[in-house]
Amino acid sequence: MGVTRHGHTHRLDLADPTLREWGCTVVSSDPEQGIVLDRSAFYPGGGGQPPDHGVLLWQGVQTRIVGTRRGDELYLIPAEDDPLPPAGTAVTGAVEDGRRTLLMRTHSGLHVLCGVVFRDFGALVTGGNMEPGEARMDFNLPEVPPDFKARIEELVNTEVTADRSVAVRVLPRAEALALPDIIRTQSNLIPPEEQEVRIVDIVGLDVQADGGTHVASTAQIGRVQVVKVESKGRANRRVRVRLAG
């Protein structure tokens, strides 16, 4: 569950984050629960990354997808009053490219930020959230130098322009957890039942467990602006960022 499949759904989003259109079949369809596909490239949300939007096309009809709900299945949430394709219907799924691509750039940018803050300040992540093109990440960082905001922006963009490769692999749980510093949050968020762990490696900078979608190299992120650094308690610092352009 989770890495390659969730319930009846084979997860194409993790196998190929560049995929935007594919053929599939409706497994089940319910106005209350949602729509389950046998194959889906819709990212269902998680780890701070919001779910994808898009459409299902079938028999000359369009069903807009406005979100996903995780349960025993990955339930696609249709737009209110849109028709639902019946179970067994062959459909074409299509992810909204602009939103997904911007979320991939944003998510990878947060990993660069996380890598820089861990490398240069030794701080672990205490929370985070993202929307397309903007995000925030919280760190356990009791002492903050006066030029922290400017330094972080410069350091992050140095790593972005270095065009570091972003590699993804799946490892058995024990092998993954044996990697040094693989958990960058203060608590281990990997569910105990997960026996495989997906690893995202910004080569030479940051290696951590992660279940989201990412660009192929840091140069694809674009310039990162550090908008604000806020204190959220005695040791908690919130760094707000957005992508330029």
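Between residue 20 and residue 134, the modelled label-to-label distance comes to 2.5 nm, taking each label 7 Å out from Cα in the direction of the beta carbon. Counting only Cα atoms, the stretch 40-127 measures 55, 27, 20 Å along its principal axes, largest extent leading.
The eigenvalues of the Cα gyration tensor, multiplied by 5 and square-rooted, give the chain an equivalent ellipsoid with semi-axes of 34, 19, 16 Å from largest to smallest. Principal axis analysis of the Cα atoms in the stretch 56-107 yields extents of 35, 28, 20 Å, listed in decreasing size.
Placing a label point 7 Å from the Cα of residue 219 along the Cα-to-Cβ direction, none of the residues of the stretch 97-132 has a backbone N under 16 Å of that point. Using alpha carbons only, how many angstrom separate the centre of the stretch 1-71 from the centre of the stretch 95-130? With the stretch 1-71 and the stretch 95-130 each reduced to a Cα centre, they are spaced 23 Å. The distance between label points at residue 227 and residue 203 comes to 3.3 nm (points 7 Å beyond Cα on the Cα→Cβ vector). With one equal scatterer per alpha carbon and no solvent term, the Debye-computed log10 I(q)/I(0) for the stretch 15-77 at 0.11, 0.15 1/Å reads -0.23, -0.44. Farthest towards the positive end of the charge dipole of the chain, among the residues 84, 108, 212, is the Cα of 108, using unit charges on the Cβ of Lys, Arg, Asp and Glu. Overall, the chain carries a charge dipole of about 660 debye about its Cα centre when +1 sits on the Cβ of Lys and Arg and -1 on the Cβ of Asp and Glu, all other atoms neutral. Between the amide H of residue 123 and those of 118, distances stay under 5 Å, these residues lying 5 or more places away or on another chain, with hydrogens modeled in the peptide plane.
Taken together, the values in this text are just the output of simple stated rules run on the coordinates, not laboratory data. Because the structure is a prediction, the values reported are computed rather than measured. Cβ sites come from the backbone with ideal geometry, for glycine too, and all protein chains shown count toward neighbours.
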